[in-house]
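In what follows, a single structure is set out as structure tokens and then discussed.
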């Protein structure tokens, strides 16, 4: 089972290495990792995606909470509706006269942005959930993806909805 873990940490040197070391030292794989400073520059927010069953997740949470620079750990269950997650990708796709219109149509349908244009390529910025990124990649792949870079997932807890 896939899990997204949000970890609020002190923004200090070595904290990321200790968190990553906790995972690798116990044989847990990190599928995606995103880290950035919060509004308070003394803290950083980590979003970690990993796989494992409930006992594995429980072990990860316990070990994370034992680390000294950890402020808060939240596990987001997939499909619980209590959080919002997004990922960003930059996709460099080959452009030929034959496929130009098709590529532009795909970009428009997915509400992407062309952020760089070359003689034989477009660099496309796409933001969305994992399914959206997977779908556009699969549509662009046969047209000639030259390069792709993904940010990793970022997650934010939802607040109570207004009725």
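Some points to look at:
- When shorter helices are ignored and each DSSP H run of at least 4 residues is given -39500 (n - 2.57), the per-residue value for the chain at 222 nm works out to -9500 deg cm²/dmol.
- Angle between the chain longest axis and helix 130-144 axis [Cα atoms, degrees, rounded to 10]: 30
- Against the rule of thumb 2.2 N^0.38 Å, how large the Cα Rg of region 12-60 comes out: 1.24
- Rounded tilt (10° steps) of 100-109 against the dominant C-alpha axis of the chain: 40
- For region 111-163, the direction-averaged projected area of the alpha-carbon convex hull comes to 5.3 nm².
- The ranking of 4, 127 by Cβ neighbour count inside 10 Å, starting from the fewest, reads 127, 4.
- Counting beta carbons within 10 Å around each of 6, 32, 105 and listing the fewest first gives the order 105, 32, 6.
- Highest-MSF residue in the chain out of 85, 53, 129 [GNM, Cα springs under 10 Å]: 53
- Modelled label reach - residue 105, point 7 Å along Cα→Cβ, region 129-146 residues with backbone N closer than 17 Å: 136-144
- Relative to the dominant Cα principal axis of the chain, helix 54-66 is inclined by about 70°.
- For region 11-163, share of DSSP beta bridges that run antiparallel, in % to the nearest 5: 100
- With eigenvalues of the C-alpha gyration tensor scaled by 5 and rooted, region 77-142, Å: 27, 11, 9
- Cα centroid of region 121-138 to Cα centroid of region 57-75, whole Å: 32
- Pairs of alpha carbons in the chain whose separation is greater than 19 Å (percent): 61
No value in this document is a laboratory result; all are computed from the given coordinates. No experiment lies behind these values; they were computed from the predicted model shown. Here the Cβ is made from the backbone with ideal geometry for all residues, glycine too, and neighbour counts use every protein chain on show.
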